Amino acid sequence: MTMQEKKIPKEVRDEKLWSGRFNEPVAELVKRFTASVEFDKRLALVDIQGSLAHAQMLAACSIINTQDLRDIQRGMAQIENEILLGEFNWQLDLEDVHLNIEKRLTTLVGDAGKRLHTGRSRNDQVATDIRLYLRQAIDEINLHIKSLQTALLELAEQHTHTIMPGFTHLQVAQPVSFAHHLMAYFEMLKRDAQRLMDCRVRVNRLPLGAAALAGTSYPINRELVAELLGFDGVCENSLDAVSDRDFAIEFTACAALIMVHLSRLSEELILWMNPRFGFIDIADRFCTGSSIMPQKKNPDVPELVRGKTGRVQGNLVALLTLMKGQPLAYNKDNQEDKEPLFDTVDTLTMTLRIYADMMGGITVKPEAMRNAALQGYATATDLADYLVKKGLPFRDAHEAVALAVRHAEQRACDLSDLKLDELQQFSKLIAEDIYAVLTLEGSLASRNHIGGTAPNQVEAAIARARKYLSIVIE
Ligand code: ARG
């Protein structure tokens, strides 16, 4: 009997799969501190998927025999079943998802279970799991983005002629259509989806085979594992394979940016729902009341989206900070990548799902939008452009219109309410045809080029967007 066996009873040594060289059991508090099973058990199914591919490769390369492979497959099928039924007995003492599953496999199938970890380390195993998990998450998130884009499109289609003030500095600037405003968010989401697809390219590489850090001495076939798991290729440096979390950072950056876009839209919804604007109403199911003020209907969902954006940004900073001091290769620090990543996926997924539904339930109030556009001299630029087209240099036109606006302000009326002779005080170039230019409709119609707010241009943009969605959804 060795010293070690005398000190620690066999049950204690057995409980950890790596405790062979230790002289005393790990302290209770340390076990809790180092365990990740509480949160990484959500990787269970991809962990099994990765293990099955690894085992299949080991058998194909004659590193284990086919009976071992069959035993592993049988055991894993049962474990998967137990997990899906919620009957799997997760043990904190077994530290993480990987050791929990491996231990159960060994209990079920004996030595074959003990052979599974040949040529592999938890370091390349966990990196593989996260990539499999994230690849699936990206695909699901992209579908949610498309649903939100569809909801935006459907709303935009009804409002190519609904005129609202466009703002700069949150002051009335120029009239735009509500559809045009909504389509700006469509564009943002389109870039967001493209960014995610680009990130997916780098997620979709196989770390397995890197083993602990240096590779393995067994005659493995990494390409086969990559193929079995649907990866586009293998990570080409073993040290990088086990330590790299760029893909998680990239994904979280993409997610943070999506949240920023939705946070901006939220801010607008909140403003628009305020009675001072009164542009829209949000369906009751997305709002709450106040326990003290009976008149209140609060836009809780957009407010929370704005709030949760901070949390996703925090997750990005957490991941960047997690990595910045780490020497190669794997360090236990990396275990901290999961909670920010999972939280990002959950927050983003929920936000997108609820947003698609909420945009479908918005009531638009075109009259209020129109009145607001009529109030802020939104067509002043159109008057200046009119003068320029009649030969006045733009700066002089700008000055003339500024004086006209001041005059209208003193009279508390709109530019279009001024009589022709009044307008002509500011420039002799102004003629009767100015009234067509000063209307909101005239202003919109004149911005008739790709990207402009003219209704026919926005209709064309919507048609392009429809086509884009039909291609990416397939
Ligand atoms: N639970 C660990 C993690 O999430 C798995 C890898 C542990 N590797 C190790 N050598 N301790 O990172």
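The values are calculated or read from the model by the stated rules, or taken from the named source; none is laboratory data. Just so it is clear, the structure is predicted and the values come from calculations on it, not from any experiment. Using ideal geometry, Cβ is built from the backbone for each residue, glycine included, and neighbour counts are taken over all protein chains shown.
Below, the figures for the structure above:
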quantity: In region 362-383, residue surrounded by the fewest Cβ atoms within 10 Å (Cβ to Cβ) [restricted to those that are over 20 Å from R411 (Cα atoms) and not acidic (D, E)]; calculated: T363
quantity: The listed residue being within 24 Å of V97 (Cβ to Cβ), modelled with pLDDT of 95 or more and not in a helix (DSSP H, G or I), out of Q326, Q335; calculated: Q326
quantity: Criterion violated by L17 - all others in (1) in a loop (DSSP other than H, G, I, E, B); (2) touching an Asp or Glu at 6+ places or on another chain (Cβ under 9 Å); (3) at pLDDT 95 or above satisfied; calculated: (3)
quantity: Count of residues meeting criterion [under 15 Å from L257 (Cβ atoms) and either within 16 Å of the ligand (Cβ to nearest atom) or exposed (fewer than 13 other Cβ atoms within 10 Å of the Cβ) (or both)] in region 290-316; calculated: 1
quantity: Extreme residue, surrounded by the fewest Cβ atoms within 10 Å (Cβ to Cβ), among residues of region 164-220 that are over 30 Å from N371 (Cα atoms) and among the acidic types (D, E); calculated: D198
quantity: Residues of region 241-289 that turn out to be touching a Gly at 6+ places or on another chain (Cβ under 8 Å) and surrounded by fewer than 16 Cβ atoms within 10 Å (Cβ to Cβ), as a count; calculated: 2
quantity: Flag for T106 being touching a Gly at 6+ places or on another chain (Cβ under 7 Å), part of a helix (DSSP H, G or I), at pLDDT 95 or above and away from the ligand (no atom under 16 Å from the Cβ); calculated: yes
quantity: Tally of residues being away from the ligand (no atom under 16 Å from the Cβ), touching a residue at least 60 places away in the same chain (Cβ under 8 Å) and not in a helix (DSSP H, G or I) across region 109-168; calculated: 10
quantity: Helices (runs of 4 or more DSSP H) wholly inside region 206-303 that include at least 2 residues being at pLDDT 95 or above and touching a Cys at 6+ places or on another chain (Cβ under 7 Å); calculated: 246-273
quantity: Which listed residue, of I64, I79, is away from the ligand (no atom under 16 Å from the Cβ), part of a helix (DSSP H, G or I) and either of a type in the set (A, V, I, L, M) or surrounded by 20 or more Cβ atoms within 10 Å (Cβ to Cβ) (or both); calculated: I79
quantity: Qualifying residue in region 220-234 (condition: within 16 Å of the ligand (Cβ to nearest atom) and farther than 22 Å from A137 by Cα); calculated: no
quantity: Where W90 falls short, out of the listed (1) within 13 Å of the ligand (Cβ to nearest atom); (2) surrounded by fewer than 22 Cβ atoms within 10 Å (Cβ to Cβ); calculated: (1)
quantity: P175, sole failed condition from (1) touching a residue at least 24 places away in the same chain (Cβ under 8 Å); (2) more than 16 Å from the ligand (Cβ to nearest atom); (3) assigned to a helix (DSSP H, G or I); calculated: (3)
quantity: Pairs where the first residue, in region 183-208, is within 30 Å of S121 (Cα to Cα) and the second is modelled with pLDDT of 95 or more and among the small types (G, A, S), C-beta under 6 Å, 6+ apart; calculated: R205/G233; L206/A226; P207/A127; P207/A241
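One line per residue, one yes/no per condition, for (1) in a helix (DSSP H, G or I); (2) free of Cβ contacts under 8 Å to residues at least 40 places away in the same chain; (3) over 37 Å from the mean Cα position of the chain (by Cα):
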site: A412; (1), (2), (3): no, yes, yes
site: S416; (1), (2), (3): yes, yes, yes
site: L423; (1), (2), (3): yes, yes, yes
site: E432; (1), (2), (3): no, yes, yes
site: G442; (1), (2), (3): yes, no, yes
site: H449; (1), (2), (3): no, yes, no
site: T453; (1), (2), (3): no, no, no
site: E459; (1), (2), (3): yes, no, no
site: S470; (1), (2), (3): yes, yes, no
